[in-house]
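Please read the structure below before turning to the comments.
The values are calculated or read from the model by the stated rules, or taken from the named source; none is laboratory data. Computed from a predicted structure; not experimentally measured. Cβ coordinates were reconstructed from backbone atoms using ideal geometry, including for glycine residues, and neighbour counts include every protein chain displayed. Areas reflect the complete protein model, heavy atoms only, side chains present, ligands, DNA and RNA absent. Shrake-Rupley method; radii C 1.70, N 1.55, O 1.52, S 1.80 Å.
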Amino acid sequence: MSAPRPEQPAAQGGLAVALTAALKKSGGIWFGWSGEVGTDHQLHFETYGGVTSGTIDLTEQEVEEYYNGYANSTLWPLFHYRLDLTEFERDYQGGYERVNRIFGEQIAPHIAPDDLVWVHDYHMIPLGWLLRQQGLENRMGFFLHIPWPPTRLLVALPDHKRLVEALFAYDVIGFQASEWLESFHHYVTHEMGGSLGDDGRVTVGGRTIRAICCPIGIDAEDFIASANGPVARDVRLRMLESGVGRSMIIGVDRLDYSKGLAERFLGYERFLQNNPDRRALVYLLQIAPPSRTDVQSYQDIRSNLDALSGRINGQYADIDWVPIRYVNQGFPRETLAGVYRAARIGLVTSLRDGMNLVAKEFVAAQDPYDPGVLILSRFTGAAEQLDGALMINPYSADDIADAIDKALSMARADRIARWRPMFETVRDHDVVWWRKRFTEALAG
Ligand code: GDG
């Protein structure tokens with residue numbers, strides 16, 4: 001219930017991509033912030049590509065305190081285990097609650113008594129509680145797209161209990177991976193005196209809700225079709241031509257410190273150092289469209305990466321080869337599908353990631369007879385599902401370098417044997433499966 005509007009032609013956030021796909025197939029209205037600054041707080045409805053959205057403009061101060069502030073400078077870093085980057089400001093917290101209240105007041109009149117209400121992500125944790133205050137008795141669910149942090153980190157948040165208590169207004173809450181669910185259980189039992197029952201039941205005081213693990217998927221059918229379509233084919237040929245026989249390693253990420261981009265570049269550099277004879281046989285294409293550019297930590301990571309890629313390219317490039325093609329812009333999904341298909345290695349090095357849809361997109365896009373190899377950080381939710389990947393610890397440059405080495409030498413039969421079960425998981429546990437699993441739990 002937040003983030004970019006679904007009509008954006010090339011949405012680059014996992015949540016936007018997944019919800020657009022889910023809503024296209026199931027119907028429903030997506031409420032959220034319009035991404036625009038304005039003062040009237042009125043809902044504006046529009047329909048694009050089969051998805052209806054009701055959005056609200058926010059004032060500059062609200063964007064600052066709520067979106068750039070509490071959501072992206074407090075909760076995002078904290079929930080990604082980055083206490084060092086977490087900003088604790090009372091104004092941010094006040095803005096967060098105020099904006100959630102505005103959303104609650106604006107959307108409550110549009111909710112019919114038998115509607116299911118499904119709230120998404122860390123921007124909107126208290127919304128269900130605020131809707132209950134408006135008298136709504138609907139079944140309400142909440143899905144967290146990002147990790148749930150360990151208790152010892154979460155307690156560093158002033159008023160952490162107030163935030164978690166608000167979650168108990170929902171009937172069902174969903175997490176991407178069992179690790180995040182376990183951390184939630186730990187908090188509830190250690191900080192709230194709660195107890196755990198059968199079938200995901202969690203009781204605190206007199207209130208019992210269900211907390212489930214419900215990993216998000218991609219629109220696999222659509223993505224596989226894109227990867228086999230004409231645009232992707234042209235892109236793939238273009239990539240193969242420009243690569244002149246070199247193997248491509250692909251990374252696609254919003255420019256975000258949680259994605260471990262610096263660690264990725266350093267791991268790749270270690271591979272170049274360790275394998276002088278194979279240097280000119282590979283290149284890394286890193287697509288990293290900027291995000292949250294008004295937040296200081298995002299400006300910092302961008303300049304770090306500019307410097308790091310420049311240094312590595314300066315040190316290792318030849319007159320006819322650059323080791324890293326680093327691109328700070330977004331591309332249409334069909335283009336991405338072709339790029340994934342042309343790659344020999346998909347490299348995901350997140351330091352912490354709720355799920356990571358890029359890993360699933362890479363798997364979906366591969367040629368069944370000659371698939372590439374997925375190298376995947378063990379700190380992603382996706383690692384619980386995609387066990388055919390070469391699992392790495394992204395903090396270790398050696399680990400990344402060894403995995404690149406292994407992936408480049410892997411025989412086709414081994415690549416197929418690793419890829420096939422991952423492909424089946426991505427295809428069968430797609431975004432439709434995810435939506436059904438959650439909404440069925442919610443419908444009770
Ligand atoms: C959050 C959680 C969770 C990226 N560049 C381009 C582009 N993208 C698309 C990717 C993918 C999506 O954006 C990114 O999704 P991720 O899952 O990798 O990461 P977050 O944005 O951090 O998403 C994450 C997700 O929510 C869903 O629950 O998996 O853990 O952090 O779909 O392809 N899309 C296009 N051009 C680009 O240049 N069109």
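Please specify each residue of segment 343-366 satisfying the condition of being outside any loop (DSSP other than H, G, I, E, B), within 9 Å of the ligand (Cβ to nearest atom) and not charged (D, E, K, R). The answer is Val348, Leu357, Val358, Ala359.
When segment 106-127 is examined, which residues are found to be of a type outside the set (Ser, Thr, Tyr) and within 21 Å of Gly69 (Cβ to Cβ)?
As a first pass, look at segment 106-127 and keep what is of a type outside the set (Ser, Thr, Tyr): 106-121, 123-127.
Matches in segment 106-127: Gln106, Val119, His120, Asp121, His123, Met124, Ile125, Pro126, Leu127.
Of the residues making up segment 281-302, those that are open to solvent by 50 Å² or more (accessible area, probe 1.4 Å) and more than 16 Å from the ligand (Cβ to nearest atom) are Leu281, Asp294, Gln296, Gln299, Asp300.
If you check Ala407, Ala342 for being open to solvent by 10 Å² or more (accessible area, probe 1.4 Å) and of a type in the set (A, V, I, L, M), only one passes: Ala342.
The residues on offer are Leu284, Leu266, Leu255, and the sole one that is closer than 20 Å to Leu351 by Cβ and under 18 Å from the mean Cα position of the chain (by Cα) is Leu255.
For segment 147-174, the tally of residues that are under 28 Å from Ile111 (Cβ atoms) and free of Cβ contacts under 8 Å to residues at least 40 places away in the same chain stands at 6. All of (1) modelled with pLDDT of 95 or more; (2) in contact with a Lys or Arg (Cβ under 8 Å, 6 or more places away or on another chain); (3) open to solvent by 20 Å² or more (accessible area, probe 1.4 Å) hold for Gly217 with one exception: (3).
Tell me, please, whether a residue that is within 16 Å of the ligand (Cβ to nearest atom) and buried (at least 18 other Cβ atoms within 10 Å of the Cβ) can be found in segment 303-318.
Yes, segment 303-318 has at least one match.
Of all the criteria given as (1) in contact with a strand residue (DSSP E or B) (Cβ under 6 Å, 6 or more places away or on another chain); (2) more than 30 Å from Gly54 (Cα to Cα), the one not satisfied by Glu87 is (1). Just one residue in the set Ser195, Ser183 is among the polar types (S, T, N, Q) and in contact with a strand residue (DSSP E or B) (Cβ under 6 Å, 6 or more places away or on another chain); that residue is Ser195. The listed residues are Thr47, Thr39, Thr20, Thr52, and the only one of them that is in a helix (DSSP H, G or I), open to solvent by 20 Å² or more (accessible area, probe 1.4 Å) and among the polar types (S, T, N, Q) turns out to be Thr20.
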